[in-house]
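This report refers to the structure that appears directly beneath it.
The values are calculated or read from the model by the stated rules, or taken from the named source; none is laboratory data. Not measured: the values here are computed from a predicted model. Note: ideal-geometry Cβ built from the backbone for every residue, glycine included; neighbour counts use all protein chains shown.
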Amino acid sequence: MDVQEKLSVLADAAKYDASCSSSGSKKTRPGKGLGSTEGGGICHSYTPDGRCISLLKILLTNHCIFDCKYCINRVSSDVKRARFTVDEVVKLTLDFYRRNYIEGLFLSSGIIRDSDYTMEQLIEVARVLRQDHSFRGYIHLKTIPGAADELVQKAGLYADRLSVNIELPTPADLQKLAPEKNRPQLENNMQQIEVKAQEIKEDRKKGLKSVPVYAPVGQSTQMIIGAMPTSDREILLTSTTLYSKFRLRRVYYSAFSPIPHADARLPGKSRR
Ligand code: SF4
């Protein structure tokens, strides 16, 4: 499969993720280099299918070993699969940036091999862009559920924004529709990002030299609404808790989209 075909598959597969915005970003990384997160065009608008038009919004791969019922990319889904290499994503980002198509990259992924391996691949894309190509544009990385704490924290050294998808409003909803994920683990990932951000802030306050920039646009999350009959009260309670516990910049709400061959517990199917 050539890169263009991969792009068509993996940009389409990324359109279900609503948590893609770099609005309000100031220049975050010092020094000279390629790209900027500020200035005209950095406020984003969304296409009707949810894509943010000024970022290259793709998955590294839509292969996935998990079977989340609401997801078109789950292991049991019969969809066309593709996978970029790290170098392909780096090259695409730089090519699109130089043509002025984008201001940055939004990168997520299905889980290949295991969570740590996949997270390492996402981090490597961002690292190569920042360190080998001096890329100063915006990078939003999704963290991979179940990835090791140190990897989740490391991602913030290269990304402007990190996000951990909480996925569903309640732990019970998550258990029913995405049993391979669990709320404590997702919240722990959010906590690790917040801990690291605070550490770096303290180091800066102390005047330590060479303190790195760390996820300067903070963290966000996404909640799928409408896949389960959860009340508005519970949804808002979850959002409020997440905002206050982890100082999220934003909770995105993503309307559940019916998918082909969906699980019987999802809307549009008879409930078990
Ligand atoms: S882990 Fe992510 S990509 Fe994989 S099935 Fe679940 S939601 Fe989809």
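Brief remarks follow.
- The one condition in (1) crowded, with 22+ Cβ neighbours inside 10 Å; (2) within 16 Å of the ligand (Cβ to nearest atom); (3) among the basic types (Lys, Arg) that Arg161 fails to fulfil: (2)
- Only residues that are modelled with pLDDT of 95 or more, under 19 Å from Thr61 (Cβ atoms) and surrounded by fewer than 24 Cβ atoms within 10 Å (Cβ to Cβ) were counted across the range 146-158, and they come to 1.
- Against the list (1) over 21 Å from Ala215 (Cα atoms); (2) away from the ligand (no atom under 16 Å from the Cβ), the condition Val125 fails is (1).
- Matching residues, the range 164-202, being more than 16 Å from the ligand (Cβ to nearest atom) and either in contact (Cβ under 8 Å) with a residue 60 or more places away in the chain or under 17 Å from the mean Cα position of the chain (by Cα) (or both): Thr170, Glu187, Asn188, Met190, Gln191, Gln192, Ile193, Glu194
- Among the residues making up the range 94-109, a single one is in contact (Cβ under 8 Å) with a residue 60 or more places away in the chain and within 14 Å of the ligand (Cβ to nearest atom): Ser108.
- Selection from the range 244-267 of residues that are without any contact (Cβ under 8 Å) to a residue 12 or more places away in the chain and among the hydroxyl-bearing types (Ser, Thr, Tyr): Ser244
- Spans of helices (runs of 4 or more DSSP H) in the range 156-264 with at least 3 residues within 25 Å of Gly104 (Cα to Cα): 183-205
- Considered as a group, the residues in the range 227-249 that are among the basic types (Lys, Arg) and over 16 Å from Glu187 (Cβ atoms) include one that is modelled with the highest pLDDT, and that residue is Arg233.
- Within the range 122-134, residues that are farther than 15 Å from Gln153 by Cβ reach partners that are surrounded by fewer than 19 Cβ atoms within 10 Å (Cβ to Cβ) and among the small types (Gly, Ala, Ser) with beta carbons closer than 7 Å, at six or more positions or on different chains, in the pairs Ser134/Gly33.
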